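Asks: Can you keep this structure in mind? I'll have questions shortly.
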Amino acid sequence: MGTPIRQSGACITPTSSRLVRINQREVPVLSPSFYLRPPAPYEGHRCWENESRVQECYEKGPVSALLLTLFSNMRVQTKLYSETENYRHWLKPYIALPTYGPLDFCVLPHVHRQTTGIFQHSLVRETAMTATWEKKILLAVVLFTVLMLSLTVHHFTKSLDAVPYPSNTTLHHKKKIVSIANFSLEDEIQASLIFKNIAVSIPSILFTLKDHTTSAKKSRATIQNPRKKYCVGETIIVHLEMFDHLGNRKTYGGDFIRARIFSPDLKAAASGRIEDFNNGTYHAYFTLFWKGKVFFSLVLYHPSEAVSALWRARNRGYGLIYFMGTFTNGTHQVKSECGFQPNTKKEICEYRKEEYNELFYCTKPEYFHCGSIIYLQAFNSDHSFLSTLEKSLLDRENIAIEIHKNFESIDVYSCTELPPMSLEQCKIGMVPSFPSGFVLQNKWRPAFCHLANFARHEQMYTCFKDKMIHLIGDSTVHQWYLYLEKTFEGLKHFDLHRTGLESMALSVDLQRNIRLQWKKHSHPFVAVNKSYFVKDDLYVSEQIDQLEGGPHYVVVICLGQNFRPFPIHLFIKRVINVRKALERLFLRSPDTKVIIKTENTREISIDSERFSDFHGYIQHFIVKDIFKDLHVGVIDAWDMTTAYNTNNVHPPENVVQDQIYMFLTYIC
């Protein structure tokens, strides 16, 4: 058996005496008994086939770790793990052993009774080994492997006691445990496809004059094929033609338009659907759900030039929000800057959740260990990714402007004596239409199912009995918690004695065996100028993975508002992680009830670069796309708050009540 030869990221065992010259070095051409598997895109090539294949293997980049899989017959299978970021997930290993300083592990063929060693980079002559020496070396390898596994497990067991640990800004040569929950190549491809599908729908526009941007007052809206009489249940189409401030017709799309119909006397409203033809024209589709006089609102929320600028700015970096961590050591406290990217040459604390592909950093304070962080606080930075001209499009007077119409209202009649079609009661697994419902007499009515009757509180108590309800996410589901705690008189608030901004809340009803809990999601959580406790901070996926699940468990998830100031890749990755965690939950407990709440619309006057509803609109469709074929209930809060025209991240109580009634119908 031959001695392994170190070769630019891989070791080979010469089993043939034929040599070829590559880069002034003699390299053996391997016999067909050896199959070297380099990372993609070279996977499947056989390095022994010809000199060009050897050249390819020789020139392939460095290898950072040896991945070992131990089999019951004491064989050692070795595989490659490229440190090239693009190909780091070509193989899912069971465990990755680290490299130490100048030492490198070599990759050996998948041949029974072969051994692994650590060698220098020079070429070593082939030597013969006896069967006795082979057994001794095999035994040494097994002992060495067990020792390294023990050290690795010991390191991570210690680390998990206090998740934060100190690190230098260089992230190489770290011990890592690769979990089955890890963000895979398939996940990265999915995230990339989602991003690209969004990006192609948003025009890339550079403009030099504000007069060349879309003008709501110069644009016009007309009803397509107008009639004097319209019937309940019909769809009406409004044609939109967009012009700039100089009266020139727009030749490209991308305008962010919000459409709704409403009848003030009936306290009725519904949102409309926009179709963009990418040539400056649009169609707005409205379903006529009720009879009476119906008015139209067609709002140019952002011109396409502002949309392009917001999209480009959002994905340029993490500079809009920064965080300050509070570290404590006895009676002493110190603050240090934190974020998703290290922004210093000083020593840093790296808060890594390897199995979820999540990283967060803080500059390490002198004389404080990384595990001593207790609070985190978000701040708006002075930084902007927008030019002065682009910012002018986001002034309040240029946001949410009504598009000029040549009509005001239409009259809708009930044109049939037939009773309305009966709908099935809303249940988990149903796919909401769009619009998913409408408001009538200030009450939400789903369009694809009907709500249960919760006129009496006793019905809600019966629904909640023996339930453990986990509300996970942002402050809009915390609103749910506050509503439920107030409405259910048997629920008693349990004081958790937490300081800072509320990040977890608990109520119990011992008589009916009800447990209601809200817990915020982990970074980012943007509550400007308010600090929150982070010692028990968990990502949504972590919280789901900690649940046993079952018929008594109800899980509600809402993500969105806090992600708006950050690159969209962060949000996509996080939602994919949540989906994977739910898939694991359903595997172990398929009868767990899960509800996905989409985000609310919010204030028009808010800082648009960070929090514009355009960002929320994109995230709303990402959530619906990623969860679309999962057995969950969806509450389209975006549709509800658009119809109600709340323009408030925390809508009034009647809107929250409608969301809660939808939730109760799903789980009861």
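The values are calculated or read from the model by the stated rules, or taken from the named source; none is laboratory data. What you see is a predicted model, and the numbers here were worked out from it, not measured in a lab. With ideal geometry, Cβ positions are generated from the backbone for all residues, glycine too; neighbour counts draw on all protein chains shown. Ligands, DNA and RNA are stripped out before the accessible areas are found, and what is left, the full protein with its side chains, is counted by its heavy atoms. Shrake-Rupley method; radii C 1.70, N 1.55, O 1.52, S 1.80 Å.
Asks: Under a plain spin-label model, where a point goes 7 Å from the Cα along Cα-to-Cβ, how far apart in nm are residue 347 and residue 186?
Replies: So the two model labels end up 4.2 nm from each other.
Asks: Let me ask something else. Kindly write out, for region 296-305 in residue order, the coupling ³J(HN,Hα) from the Karplus curve 6.51 cos²θ - 1.76 cosθ + 1.60 (θ = phi - 60°), rounded to whole Hz, with x marking Gly and Pro.
Replies: Computed from phi, the couplings for region 296-305 are 10, 10, 10, 10, 7, 6, 9, x, 4, 5 Hz.
Asks: Could you do me a favour and compute the accessible area per residue for region 232-367, 1.4 Å probe, result in Å²?
Replies: With all protein chains present, region 232-367 gives 42 Å² per residue.
Asks: In addition: Would you work out the Kirkwood radius for region 470-614? I mean one over the mean of 1/r across all pairs of different Cα atoms, in Å.
Replies: Final number for the Kirkwood radius of region 470-614 is 16.4 Å.
Asks: Turning to a different aspect of this structure: Rounded to a whole number, what % of the accessible area of region 408-470 do carbon and sulfur atoms account for, probe 1.4 Å?
Replies: Exposed carbon and sulfur together represent 54 percent of the surface.
Asks: With θ set to phi - 60°, apply the Karplus curve 6.51 cos²θ - 1.76 cosθ + 1.60 along region 551-559 and write out the HN-Hα couplings as whole Hz, x wherever there is a Gly or Pro.
Replies: Result, rounded to whole Hz: x, 9, 9, 10, 10, 10, 10, 9, 10.
Asks: Still on this structure, please answer the following. Amide H to amide H, which residues 5 or more places from residue 358 or on other chains are under 5 Å from it, using H placed in the peptide plane?
Replies: When sequence neighbours closer than 5 places are left aside, the close amide H contacts are 353.
Asks: Further, regarding this structure: Counting only residues 5 or more places away or on other chains, whose amide H sits under 5 Å from the amide H of residue 230 once H atoms are built in the peptide plane?
Replies: Here the answer is 411, 413, since their amide H atoms fall under 5 Å of that of residue 230.
Asks: Which value, in Å², gives the accessible area per residue of region 524-641 when a 1.4 Å probe is used on the protein heavy atoms?
Replies: 29 Å²
Asks: What are the extents of the Cα atoms of region 277-371 along their three principal axes, listed from largest to smallest and rounded to whole Å?
Replies: The Cα atoms of region 277-371 stretch 70, 32, 27 Å along their principal axes.
Asks: Pop out the ³J(HN,Hα) list for region 240-251 in order, Karplus 6.51 cos²θ - 1.76 cosθ + 1.60 with θ = phi - 60°, rounded to Hz; leave Gly and Pro as x.
Replies: 10, 10, 9, 10, 8, 5, 8, x, 7, 5, 6, 10
Asks: Moving on to the next point. Within the accessible area of region 604-668, what % is carbon and sulfur when the probe is 1.4 Å and the other protein chains stay in place?
Replies: That share works out to 52 percent.
Asks: Any chance you could run the full-extension gain for residue 235 through residue 369? It's 0.36 nm times the residue separation minus the Cα-Cα distance, nm to one decimal.
Replies: Result: 41.9 nm gained on full extension.
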